[in-house]
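Participant: One structure, as structure tokens, below. Some questions next.
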């Protein structure tokens, strides 16, 4: 026979202060776990959403990022007329792009980070969905004008509409701000490729982006380009390219999340144990009475476990509520591969919240195991005499 | 002191509870010290930067390189004692996982410009005489088992170039996870666009007072050229790498605050239980003449001792573990991973504070009860 749930609920309510303190301890553990995981998830989602399924990116052989890659204009011409490249009318859907970095101070600080500047052509906008000018206007090809990601403009000095920045001897004017549905380009500044090429005196492209006809063409083309011994190039699907980039930063964060939340969980578990031991001790007589009434050892055990898990779940819910306002908060850090800024949002997703809830419940369960076993082992006579 | 025995008896009365509370303190403080060390290690680069050195890089960003020809002009600036290329090669040893910094420098000047690097004079000479030579930090030796005379190949994705070096010495001091080699040597091997170009110059000045003037003088020479420079003290340069991590710093502070707060709840809850259970005893103590202040002090003493024991073990463990296993070996860009004395003292102070705050309310409340109220307690 199981004890009625009411028994547990009343017990929880009677010891309000103690219950709340324990619940909060577990809650804070859950909050920290969620915070770090939300950061890692933010990076993952930004990068994994950045690649289009049928886009292919071509880099120089041996390059780890667009920044240290370089392709000649001949390379580009060879690539765009390959079989399998999608076309719009007669024009292949392909574009060369040029990447560079500018160092900018963060808002309110004297130092900052490197922001990626991408030289783009008209085709770049066709190959990437979601690009949207939210303030000002689009840059005019041929002019030293730039559009800046809204997130970058918010985080760095001197990148708002009307501001100017210098690359080499050319002064660029920011004419607009853009967003791009949370993709990695929201960490960038976009300018006209021809203007950037002449400014930086660079003939070559950093990367070539192409749309292919279908999935088969993607597989065939990436293999064909990468395996061609004369080209010395490396082709990969844009998706894979961005997914590879997330490795270092988000992997480190996930490791940190596990390390911190495990240690905090141990601490919270000890605290939960203390509370439950005290509860068991205070209710010794009560346990005796329940046993006399015919409740089995097992129902005493489950009642205490349940009570503790309930407290833990309350705590986890508090923890989740505390972490929830972080959802979509924008932040940024450096991509340690290229030393350039990646801006992204914290993402407290549903599956993360669910794992946080389970995590909290497990802390409660493990923490109450020993005290509950103790409660169920009392001899009736001893318990009543306590 | 005459109450010390009473306090200790009280602490030992519920051994399991005391043990659990102390364990909770131990893990929390270990965690706080670990996180604080992440923060201080991020700052070590700028803290240990030489006040006599400047770094000159392209004004736009490190994504641009400077012509080697700048060097002669930099050397003419009054106050400059010595200058040399200090160029990021980005070479990868076998696999990206083995990341370590490697720089092309002027081997003949390295010892003078970066005097922190310690190596026997004979090794310096062999290094200088061998154009293909390289020197490595002691920690790289620990990590990859490099030995003098060994040939190693670094592949640079920046220059798409694999270069073989011969290890000619092992230095200690400063960042022991870096490899230095001759700029002259790779300069011949680099593709045309990378020839006679460097990512930064390292500049030694005569006195720290020269720093602002010299950096301004250098930047004004190149202001209107294709390759304008930004020259700053090594400290500022290191700081710029720290600000790159952006929001991560505040984030770590937030986590530390959450841990401290949860510790406060744990301690507070335990002490509240302890005090409540002893309400009757407080009545007895009062009845035999104990003053409110003394009773409060007894509880405070108990919480403080528990907090101190927990802190001592947690902080001690962190110190012991991080001093015996140098995590700095494995974390890219970290020179070391050793808690600073300030961190240890601050963590200890924090636990004392937590101990005090955790008990003050319950102790004050219970000691304020009248004898009758306290004795009548049903706890």
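Values quoted throughout were computed directly from the atomic coordinates according to the rules given, and no laboratory measurement underlies them. Keep in mind that what you see is a predicted model, and the values were worked out from it rather than measured. With ideal geometry, Cβ positions are generated from the backbone for all residues, glycine too; neighbour counts draw on all protein chains shown.
Participant: Sort B:89, A:344 by Cβ crowding within 10 Å, fewest neighbours at the top. Walk me through the numbers before you get to the answer.
Facilitator: Working: B:89 22, A:344 26.
Final ranking by Cβ density, sparse to dense: B:89, A:344.
Participant: Looking at chain B, what % of its DSSP beta bridges pair antiparallel, to the nearest 5?
Facilitator: On the way: 32 of 42 bridges.
Just about 75 percent of them are antiparallel.
Participant: I'd like the orientation of helix A:297-323 relative to chain A: the angle between its Cα long axis and the longest Cα principal axis, in ° from 0 to 90, rounded to 10.
Facilitator: The helix A:297-323 is inclined about 30 degrees to chain A.
Participant: Return the percentage of antiparallel bridges among DSSP beta bridges fully within segment B:60-227, rounded to the nearest 5 %. Display every interim value, and only then the final one.
Facilitator: Numbers: 22 of 32 bridges.
Beta bridges within segment B:60-227, antiparallel portion: roughly 70 percent.
Participant: Taking neighbour counts of Cβ atoms within 10 Å as a proxy for exposure, in what order, fewest first, do B:168, A:224 appear? Don't skip to the answer; put the middle values down first.
Facilitator: Numbers: B:168 24, A:224 15.
So the residues, fewest neighbours to most, are A:224, B:168.
Participant: If you average the C-alpha positions of segment B:309-379 and of segment B:227-302 separately, how far apart do those two centres end up, in angstrom?
Facilitator: 7
Participant: On to the next question. Within segment B:130-167, whose backbone N sits under 16 Å from a point 7 Å along Cα→Cβ of residue A:61?
Facilitator: Counting only backbone N, you get B:155-163.
Participant: For chain B, set up a Gaussian network in which alpha carbons nearer than 10 Å are linked by springs, and say which option among B:175, B:121, B:184 fluctuates the most.
Facilitator: Taking springs between Cα atoms under 10 Å, the residue moving most is B:121.
Participant: Please state the shape class of segment A:1-155: rounded when a/c is under 1.5, otherwise prolate if a/b exceeds b/c and oblate if not, all from the C-alpha gyration tensor. Can you show the working numbers first?
Facilitator: Numbers: a/c = 3.27, a/b = 2.31, b/c = 1.42.
Cα axes put segment A:1-155 in the prolate bin.
Participant: If R₀ is 30 angstrom, what is the calculated FRET efficiency for the pair residue B:294 and residue A:16, using the beta carbon separation as r and rounding to 0.05? Walk me through the numbers on the way to the answer.
Facilitator: Details: r = 30 Å, r/R0 = 1.01.
After rounding to 0.05, the efficiency reads 0.50.
Participant: How far apart, in nanometres, would the label points at residue B:287 and residue B:330 be if each is projected 7 angstrom from Cα along the Cα-to-Cβ direction?
Facilitator: A separation of 6.0 nm, rounded to one decimal place.
Participant: Which FRET efficiency value, to the nearest 0.05, is calculated for residue B:13 and residue B:206 with the Förster distance at 41 angstrom and r the Cβ-Cβ distance?
Facilitator: Working: r = 68 Å, r/R0 = 1.66.
After rounding, the FRET efficiency stands at 0.05.
Participant: Further, regarding this structure: Bin by bin, in steps of 20 Å, what percent of the Cα pairs in the protein assembly as shown do you find, going until the bin that has the longest distance?
Facilitator: 14, 38, 29, 16, 3, 0
Participant: Is there a simple number for the mean count of other chain Cβ atoms within 10 Å of the Cβ of residues in B:255-262, and what is it?
Facilitator: Shielding by partners across B:255-262 averages 6.
Participant: Between residue A:49 and residue B:125, what is the label-to-label distance in nm when each label sits 7 Å out along the Cα-to-Cβ direction?
Facilitator: So the label points at residue A:49 and residue B:125 sit 6.5 nm apart.
Participant: Quick one: angle between helix B:292-324 and the longest Cα principal axis of chain B, in degrees between 0 and 90, rounded to 10, please.
Facilitator: Once rounded, the angle reads 30 degrees.
Participant: For residue A:354 and residue B:216, what is the calculated FRET efficiency with R₀ set at 45 Å and r taken between the beta-carbons, to the nearest 0.05?
Facilitator: Working: r = 57 Å, r/R0 = 1.28.
After rounding, the FRET efficiency stands at 0.20.
Participant: Roughly what would the spin-label model give for residue B:68 and residue B:372, points 7 Å off Cα along C-beta, in nm?
Facilitator: Result for the modelled spin labels: 9.8 nm.
Participant: Please report B:234, A:88, B:277 as a ranked list, fewest other C-beta atoms within 10 angstrom at the top and most at the bottom.
Facilitator: Numbers: B:234 21, A:88 10, B:277 17.
So the residues, fewest neighbours to most, are A:88, B:277, B:234.
Participant: For segment A:257-305 and segment A:366-385, what is the centre-to-centre distance using only Cα atoms, to the nearest Å?
Facilitator: 9
Participant: Sticking with this structure for a sec: Specify the angular offset, from 0 to 90 degrees and rounded to the nearest 10, of the alpha carbon long axis of helix A:215-227 from the longest principal axis of the alpha carbons in chain A.
Facilitator: The answer is roughly 70 degrees.
Participant: Under 8 Å for C-alpha pairs, at least 6 residues apart: give me the relative contact order for chain B, rounded to a whole percent. Could you put the intermediate results ahead of the total?
Facilitator: Values: 621 pairs, mean separation 103.6, N = 379.
For chain B, the relative contact order is 27 percent.
Participant: If you don't mind, another one. Could you identify which residue out of A:107, A:230, A:183 has the top mean-square fluctuation in a GNM of chain A using Cα springs shorter than 10 Å?
Facilitator: Residue with maximal mean-square fluctuation among A:107, A:230, A:183: A:230.
Participant: Rounded if a/c is under 1.5, else prolate if a/b beats b/c, else oblate: with a ≥ b ≥ c from the C-alpha gyration tensor eigenvalues square-rooted, which is segment A:177-235? Each step should come with its number before you reach the end.
Facilitator: Numbers: a/c = 3.17, a/b = 1.38, b/c = 2.31.
Here segment A:177-235 falls in the oblate category.
Participant: Quick check on the protein assembly as shown: helices-only [θ] at 222 nm, where DSSP H runs of length 4 and up contribute -39,500 (n - 2.57) each and the sum goes over total residues. Nearest 500, please. Don't skip to the end; give the middle numbers.
Facilitator: Details: 26 runs with 408 residues, N = 765.
Per the formula, -17500 deg cm²/dmol.
Participant: When DSSP beta bridges are limited to those with both residues in segment A:55-213, what percentage is antiparallel, rounded to the nearest 5? It would help to have the intermediate numbers written out before the result.
Facilitator: Details: 32 of 42 bridges.
If I count the DSSP bridges inside segment A:55-213, around 75 percent turn out antiparallel.
Participant: If you build a Gaussian network model of chain B, linking Cα atoms that sit under 10 Å apart, which residue out of B:183, B:144, B:70 swings the most?
Facilitator: Comparing B:183, B:144, B:70 in the GNM, the peak value goes to B:144.
Participant: For segment B:1-79 and segment A:145-162, what is the separation of their Cα centres, given in Å?
Facilitator: Using only Cα atoms to place each centre, the spacing works out to 33 Å.
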